[in-house]
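In what follows, a structure is listed as structure tokens, so that the remarks can point back to it.
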Amino acid sequence: MKLKDKVAIVTGAAAGIGRCVAELFVAEGAKVVACDIAEIPYSHANIEAYKLDVADFAGCTALAEHVAAKYGNADILINNAGITRDAMTAKMSDEQWDMVMNVNLKGVFNMTRLFGPAMERAGAGSIVNISSVVGEFGNIGQANYAATKSAIYGLTKTWAKEFARKGAAVRVNAVSPGYTLTDILKTVPQDLLDKFAGQTMLGRIGQPEEIAKAILFLASDDASYVTGHNLSVNGGMRL
């Protein structure tokens, strides 16, 4: 039970990697507040569903107040919520750019500026920000998404320094998944999936459960001496 009696906040928890993280954390003993703008389609005695738009700071503040009142403190924050609005740069609209910035970047900032300082005051905590292989390598037609996911690295290293500067055992890390078989990829034609798989050393697409296990490692005390780090979980992707 790697997370026994821990309180974890997971954003983007309705499906895909977020859902796998929430369910894995509960199996490891945590109480999870599963946050999403969509309905949470699963239930467990130790999972609390919470409707949240991470781009709305007032909503994030209400969540932080709720968590403080009900649980006392959050031990773990997983910043997983993210969206795509893809287009070639010449055709990308202001709306497409702003929507991705607001969720993928401002949303991470909103959550961390509330829960990070609270962890610092409590003396301990673990934050894991979910980036992407696209943040590492870039991708045609995803300038907005790549920008947000690259920015996660700078935020992660900055917060690792900020929240531990007075001696608190607050760790901040990032995970960069490669191509992962979530619902979005299930709609991709098989020939493209084969192409993605061929770009990895392992020759296959990742599973959400594999990403969740990497996130569990960084969130747990198994990674007690790891902070300011980006963990690439991409099957050895090469371009």
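The values are calculated or read from the model by the stated rules, or taken from the named source; none is laboratory data. Here the structure is a predicted model, which means the values were calculated and not measured. Reconstructed Cβ throughout: ideal geometry from the backbone, glycine too, with neighbour counts over all protein chains shown.
Among residues of segment 11-39 being β-branched (Val, Ile, Thr) and in contact with a helix residue (DSSP H, G or I) (Cβ under 8 Å, 6 or more places away or on another chain), the one that is farthest from Leu105 (Cα to Cα) is Val32.
Selection of segment 48-81 for residues being exposed (fewer than 13 other Cβ atoms within 10 Å of the Cβ) and either touching a residue at least 60 places away in the same chain (Cβ under 8 Å) or on the phi > 0 side of the Ramachandran plot (or both) yields only Gly72.
Conditions tested, residue by residue: (1) free of Cβ contacts under 8 Å to residues at least 40 places away in the same chain; (2) under 25 Å from Phe217 (Cβ atoms); (3) assigned to a strand (DSSP E or B).
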position	(1), (2), (3)
Thr84	no, no, no
Phe109	no, yes, no
Phe115	no, yes, no
Val128	no, yes, yes
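Sort out which residues of segment 153-186 are assigned to a helix (DSSP H, G or I) and within 25 Å of Arg204 (Cβ to Cβ), and write them in order of number. Walk me through it before giving the result.
Here is the first cut: in segment 153-186, the residues assigned to a helix (DSSP H, G or I) are 153-162, 185-186.
Those that are assigned to a helix (DSSP H, G or I) and within 25 Å of Arg204 (Cβ to Cβ): Leu185, Lys186.
Has segment 204-211 got at least one residue that is among the charged types (D, E, K, R), surrounded by 14 or more Cβ atoms within 10 Å (Cβ to Cβ) and assigned to a loop (DSSP other than H, G, I, E, B)? Checked segment 204-211: at least one residue is among the charged types (D, E, K, R), surrounded by 14 or more Cβ atoms within 10 Å (Cβ to Cβ) and assigned to a loop (DSSP other than H, G, I, E, B).
Within segment 24-47, the residues that satisfy the criterion of being charged (D, E, K, R) and either in contact with a Lys or Arg (Cβ under 7 Å, 6 or more places away or on another chain) or crowded, with 19+ Cβ neighbours inside 10 Å (or both) are Glu28, Lys31, Asp36. When Val133, Val170 are screened for being closer than 23 Å to Ala55 by Cα, buried (at least 21 other Cβ atoms within 10 Å of the Cβ) and either among the aliphatic types (A, V, I, L, M) or at pLDDT 95 or above (or both), only Val133 passes. Among the residues of segment 57-93, those identified as polar (S, T, N, Q) and either more than 21 Å from the chain's Cα centre (by Cα) or under 20 Å from Val33 (Cα atoms) (or both) are Thr61, Asn73, Asn79, Asn80, Thr89, Ser93.
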